[in-house]
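To start, the structure under review is shown below, and the notes come after it.
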Amino acid sequence: MLRMLGLRIARAIAVLVAVSLGTFSLIALSPGDPAATILGTTATPAEVAYLDQQLGVNQPWPDRYWHWVTGAVQGNFGLSLVPPRQSVAQMLGQAVPVTAEIVVIALVLGLIFGIALGAWAAHRQDQAADRIITAGSFALISVPAFVLGLLLAILLVFHPTWVRVLVLAAGLVIAGRALSSASQRKPLLVRRPGRGALVLAAVATAIGVLGFLFIPAFPRFGWTPITTSLAGNLRFAFLPALTLTLGLIPLFAQVLRADMVQTLQQNFIVVARAKGMSELHIIFREALRPSLFSLVTVLGLSIGALLAGSVVVENIFGLPGLGSVLLNAITSKNYSVVQAGVLLIALVFLIVNLLVDIAYAYLDPRTRRAAN
Amino acid sequence: MLPTEKLPAAGATLDDGRAAAGETLGPARARLPVAVMAAWAFAAVAFLVLATVLSRLVLPLRLVLVILGLFSAYRLVAALARWRRPASPPTGTWLAVGWLGLVVAGAVFAGVLPLPEGLNPAATFTVPALLNPGLHSGHLLGTDTEGLDTLTELIYGARISLIVGIGGTLTGLIVGGIAGMVSGYFGGPVDGVTSYIVDVLLTFPPLILLIAMVAFLSPDVLNITIVLGILALPGFARLARANTIKIASRDYVTASRTLGSRQVRILLKVIAPNLIPSLFAYSFIIMSFLIVAEASLSFLGVGIQRPTPTWGNMIAQGDPTLNAHPALVLAPAVAILFTVLSANFIGQRLQKRWGL
């Protein structure tokens, strides 16, 4: 286990070195005199001299790289090349919490709904619910994040009344379906049909009515820090997080469904059924853990998609997060910020995938010994 | 290396199982011409689109592209003549193929179609700006803030999306496919180095890699296509490597080697034809991914710039007037959505048929 972890970490560090070299050499590859590109034609000689010194243009590149890497390891990424001249670490430090918040919210919501829908689809394999979930997730996966964000903005920012009516209608339709199927004695997700259907109908109605009464109009742009006001913060974070999570839910649901369909055919599930366990117990206590492998892999990879999606989403909803900082830095050719931001994102991605490898070992004891 | 050495036995039993079930090599061979035909059709369209659209290229190069396109079309017709038609595919496939065909036709014939002005803002002084969609104004999907026709922009945007999507996919397919095939077949240090490069490329979240590269290059069509090709490369390399390892353990490869074929011949004549179907199916999915990536870049303002219309920068331009004129955003959004859905749908269908 320790040996596997050591190997993984060594590999991650090797990749990180390559990444840092790559981002560093991109600057060297960029055409033209960097100072002239960044400052334009109206720069004073003093500004050019400052920038040349910041970029270390006059030193050989291994020196420059070494200087930058030693700084980066200590959390010092130099100064912003474009005024205001603040420290890059500080700029990123202010932006990271915003991005982290929407990413974490999106991930948690995505896992909750993705696992629930995926498990339900696997349980109802090849029936109507499964087909709806599978087709729906295929369609939703194909929607690019920026299209989804703008559609949500049209609905929830400009036409909240439509959404309220839709939520109410959806709640009532689901409640009606649940009651009608209960009257025909078809088994629902919960084993005893009557009570489960009633509970489902009541919950659906309640969500529909509450949504109809209380769904607010969400703000189009802006951000409130969580330290200022929790309610205000969540109001601003909701739409961006929803956009991201709507991309994740279908992915997680599809992946979990595929694995769980296979798990549910195995002998220990038959034994559990024969023992008279409830379906809920079988799905979530017995079948879930062995079905999580692909989901965990996809989870690690989806962090990358989430970080990329946050660039788009922050642009749509005007959040001051990592993505906005990165994008501004690119358009103003603020290379020191681009370098640091890209390295930071690669680092997060590597750490997450390291955690995924550890999670494998937890999920399946056999992988602990299969080090290489 | 260990799993690779184990594979021959597993592959042998698999083939034996198939033979026992009465499913000999016959049906597998009969399925292959469809893949070959699809590949030739893809190549023909790709070459002809590139030849029509890359007007900046010198004439001889365009002629070469046209000849390559015609040759691919000839091979397609030749294969069609030898082909027995299976049962007609279901509605979903027809819709997907139909939409993609429409987009391709629009992109190829954009210059010939009688469309209102959609490219030059200087020519639209007399056209009312921000016209709503309607049948009577002569602007089916309305006009934007500069009085340019939305439908025209959409059709010219399809060009960019297709060039970039197909070009990037072809680049990734050729480079990644060859790299994956070679590393899967030879293993050892070649495999180690290739896998390391692929790992490094996969370390970046795709859009971030794209943004980082575009930050240092001028965002024109050629550069974006190359960068997207780099983005598509690791996926193709991994798929080609995994499938090559499987194919290399099959009996007919051993047979060919026993007969004294050289390595190059085995790679090109035995392994590559069997790799093509799965790579081709995957390339539809990659194409839709690259189209979205390009649109995201343009939307963020770091991709292809105005006045060249792309679906992404059309959406970005319509964003400020989202409430008053949603059509400016919805039209390109729907175009992207349909294209991505169609390509994904076809890709999934093909993967089910040809995936190894």
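Structure above, values below:
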{"quantity": "Approximate spin-label separation B:Leu217-B:Leu59, in nm, with each point projected 7 Å along Cα-to-Cβ", "calculated": "3.0"}
{"quantity": "MRE, 222 nm, helices only [DSSP H, n ≥ 4, -39500 (n - 2.57), over chain B, to nearest 500]", "calculated": "-25000 deg cm²/dmol"}
{"quantity": "The protein assembly as shown: C-alpha gyration tensor shape, a/c 1.5 cut-off, then a/b vs b/c", "calculated": "rounded"}
{"quantity": "Of B:Leu100, B:Leu279, B:Leu135, the one that fluctuates the most in a GNM where chain B has Cα springs shorter than 10 Å", "calculated": "B:Leu135"}
{"quantity": "Chain B: angle of helix B:2-20 to the longest principal axis, Cα-based, in degrees nearest 10", "calculated": "90"}
{"quantity": "The stretch B:325-356 and the stretch A:107-157: distance between their alpha carbon centers, rounded to Å", "calculated": "16"}
{"quantity": "Nearest-0.05 FRET efficiency for B:Thr126 and A:Ser294, computed from C-beta distance (R0 56 Å)", "calculated": "0.45"}
{"quantity": "Number of partner chain Cβ atoms within 10 Å, mean per residue of B:196-206", "calculated": "6"}
{"quantity": "Other protein chain Cβ atoms within 10 Å, averaged over every residue that makes up A:304-311", "calculated": "5"}
{"quantity": "Ranked packing of A:150-157, A:60-67, most packed first, by mean Cβ within 10 Å", "calculated": "A:150-157, A:60-67"}
{"quantity": "Extension reserve of the B:Arg265-B:Ile174 stretch, reckoned as 0.36 nm per residue once the Cα distance is removed", "calculated": "31.0 nm"}
{"quantity": "Cβ neighbours within 10 Å from other chains - mean over A:147-159", "calculated": "4"}
{"quantity": "Label-point separation, A:Asp63 to A:Leu198 (7 Å along Cα→Cβ), nm", "calculated": "8.2"}
{"quantity": "Residue order, fewest to most beta carbons within 10 Å, for B:Met37, A:Met91", "calculated": "B:Met37, A:Met91"}
{"quantity": "Low-density loop cleavage sites - chymotrypsin sites (Phe, Trp or Tyr not before Pro) in the stretch A:316-368, where at most 10 other Cβ are within 10 Å (DSSP)", "calculated": "none"}
{"quantity": "Karplus-derived 3J(HN,Hα), 6.51/-1.76/1.60, for each residue of the stretch A:168-178, Hz, glycine and proline x", "calculated": "4, 4, 4, x, 5, 5, 4, 4, x, 4, 4"}
{"quantity": "Approximate spin-label separation A:Leu16-A:Trp162, in nm, with each point projected 7 Å along Cα-to-Cβ", "calculated": "4.7"}
{"quantity": "Residue exposure sequence - A:Ser80, B:Ser218 - by fewest surrounding Cβ within 10 Å", "calculated": "B:Ser218, A:Ser80"}
{"quantity": "Electrostatic dipole magnitude of chain B [Cβ: Lys, Arg +1; Asp, Glu -1; Cα centre; debye, to 20]", "calculated": "1640"}
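Values in this text are rule-based calculations from the coordinates and carry no lab data. Note that the coordinates shown come from a computational prediction; the quantities given were computed from them, not determined experimentally. Reconstructed Cβ throughout: ideal geometry from the backbone, glycine too, with neighbour counts over all protein chains shown.
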